[in-house]
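Read the structure below first, then the notes.
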Amino acid sequence: MLNIDILTVAPTDFTGFLSSHIVQRAEKEKTARINIVDIRNFANGCYRKIDDSPYGGGAGMILRYEPIVNALNSLRTENTYTIMMTPSGYPYNQNIARRLAENLNHIVLICGHYEGIDERVMHHVDLKLSIGDYVLTGGELPSMIVADTILRQLNGNIKSASLEEESFNENLLEYPQYTRPKEIDGYEVPEVLLSGNHQEIKTWRYEQSIIMTTKFRPDLLKKNNIQSGYYKTKIRSNKMASKEQNNKFDISSLSNELIYRRFMLINNNELSHFFSEMTIPEYIALNLILKNEKNDPIYGGKTYLSDLAESLHRPMRYVSKLSRTLQDKGLVIWKHDGDGEQGTYVMITDDGKALIEKHQKTTQAFYGHVVEKFGQQNMIKLLDLMKQLDTVITSELEGEK
């Protein structure tokens with residue numbers, strides 16, 4: 001069961017939230033428990049004073065250090081993860097919600113209030129989160145939002161099928177939805193949804209997600225350096241694959257690692273200039289480290305050697321040697337927060353980031369040249385044939401462990 005404690009100076013603000021369906025469902029299914037903690041109960045003195053004027057002058061009052069830390073200490077265990085709700089925090093998103101739900105079993109949310117919180121409280125905080133670039137009266141509403149999104153990710157609270165097709169799951173907004181009647185006030189349900197052809201419905205929904213994202217949230221398309229044109233190409237690829245290959249995959253659905261393996265099997269010479277400064281395993285490892293640093297604010301972007309070994313399907317001794325080589329080239333640095341290999345992790349340097357960016361531009365130019373030379377349809381056919389090599393490649397990698 002996930003335990004969520006919310007520290008606040010306004011506990012009555014949570015009355016409606018605690019009676020909401022998602023909270024009641026979580027408690028009934030024993031997937032989570034929400035506990036509201038009044039910070040005032042941990043203030044010293046007869047008046048339970050929780051705020052004071054700021055040093056250096058200024059308008060408003062500041063929440064004091066002692067009541068908050070006293071409340072934290074009364075709740076903290078070795079597994080506690082503390083989150084501060086503040087406008088200066090890391091932008092909250094669906095990916096963070098998923099990671100919090102999957103990796104933690106005790107979360108403490110601290111609600112800011114008044115003009116701020118004594119900065120020394122931050123020494124007891126694991127992560128600062130913001131729900132948007134605006135200022136609210138306090139952190140109570142943001143904490144409810146974070147708690148709600150986390151509860152939705154827990155097994156048993158929401159149907160798994162509903163979670164899979166929600167907005168932001170692939171940096172895309174959800175497609176339009178319709179229900180009865182078929183026609184109302186001159187507005188009709190799109191015919192494709194009435195066709196019974198599940199593949200055409202799937203393609204239509206994907207296209208509509210792209211259209212809506214391009215119109216309302218184009219910033220989402222750029223999160224992974226992907227432009228709307230990329231998605232238009234993917235739509236065309238999906239249509240061709242659906243008609244001629246029973247919707248087999250296209251080039252845009254492949255991971256970097258698989259693409260590099262496959263193309264190296266075809267023409268090693270043509271790609272060799274990509275890797276003049278590093279080998280393919282080094283390039284893949286550096287990509288994984290960079291991706292983890294960008295997408296994992298919860299653990300500070302740490303990439304532990306044990307996790308890297310699992311991702312690369314390689315033994316620990318191989319990954320240790322690989323990481324040492326990257327360090328010698330000035331592309332990563334080693335750090336430790338525990339004993340032995342389990343506490344060893346690597347962080348990418350600025351030189352590593354610059355090298356990855358350079359290689360990505362070269363790779364994009366190469367793929368554009370290949371598609372232009374051979375055509376999108378031939379590329380899909382070629383990749384379909386090469387898909388059969390996956391089993392062989394995976395077996396070889398497993399044998400090298």
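The values are calculated or read from the model by the stated rules, or taken from the named source; none is laboratory data. All of these numbers come straight from a predicted model, not from anything done at the bench. With ideal geometry, Cβ positions are generated from the backbone for all residues, glycine too; neighbour counts draw on all protein chains shown. Heads up: the accessible areas ignore ligands, DNA and RNA and are worked out on the full protein's heavy atoms, side chains in. Shrake-Rupley method; radii C 1.70, N 1.55, O 1.52, S 1.80 Å.
Which of the residues that make up the stretch 41-73 are open to solvent by 70 Å² or more (accessible area, probe 1.4 Å) and either of a type in the set (Val, Ile, Thr) or closer than 30 Å to ARG152 by Cα (or both)?
Answer for the stretch 41-73, where residues must be open to solvent by 70 Å² or more (accessible area, probe 1.4 Å) and either of a type in the set (Val, Ile, Thr) or closer than 30 Å to ARG152 by Cα (or both): just ASN73.
From the list VAL121, VAL146, VAL69, which one is within 17 Å of LEU7 (Cβ to Cβ), within 17 Å of the chain's Cα centre (by Cα) and in a helix (DSSP H, G or I)?
Going through VAL121, VAL146, VAL69 in turn, just one is within 17 Å of LEU7 (Cβ to Cβ), within 17 Å of the chain's Cα centre (by Cα) and in a helix (DSSP H, G or I): VAL146.
Can you find, within the stretch 306-341, the residue that is modelled with the lowest pLDDT among those that are part of a loop (DSSP other than H, G, I, E, B) and touching a Gly at 6+ places or on another chain (Cβ under 6 Å)?
ASP337
Kindly indicate which of SER143, SER160, SER130 is open to solvent by less than 30 Å² (accessible area, probe 1.4 Å) and at pLDDT below 95. Full working, then the answer.
Numbers: SER143 fails: at pLDDT below 95; SER160 fails: open to solvent by less than 30 Å² (accessible area, probe 1.4 Å).
Of the residues listed, the single one that is open to solvent by less than 30 Å² (accessible area, probe 1.4 Å) and at pLDDT below 95 is SER130.
Residues GLU29, GLU78: which one is acidic (Asp, Glu), closer than 30 Å to GLN153 by Cα, exposed (fewer than 14 other Cβ atoms within 10 Å of the Cβ) and free of Cβ contacts under 8 Å to residues at least 60 places away in the same chain? Show your work before the answer.
Values: GLU29 fails: free of Cβ contacts under 8 Å to residues at least 60 places away in the same chain.
Residue meeting the stated conditions: GLU78.
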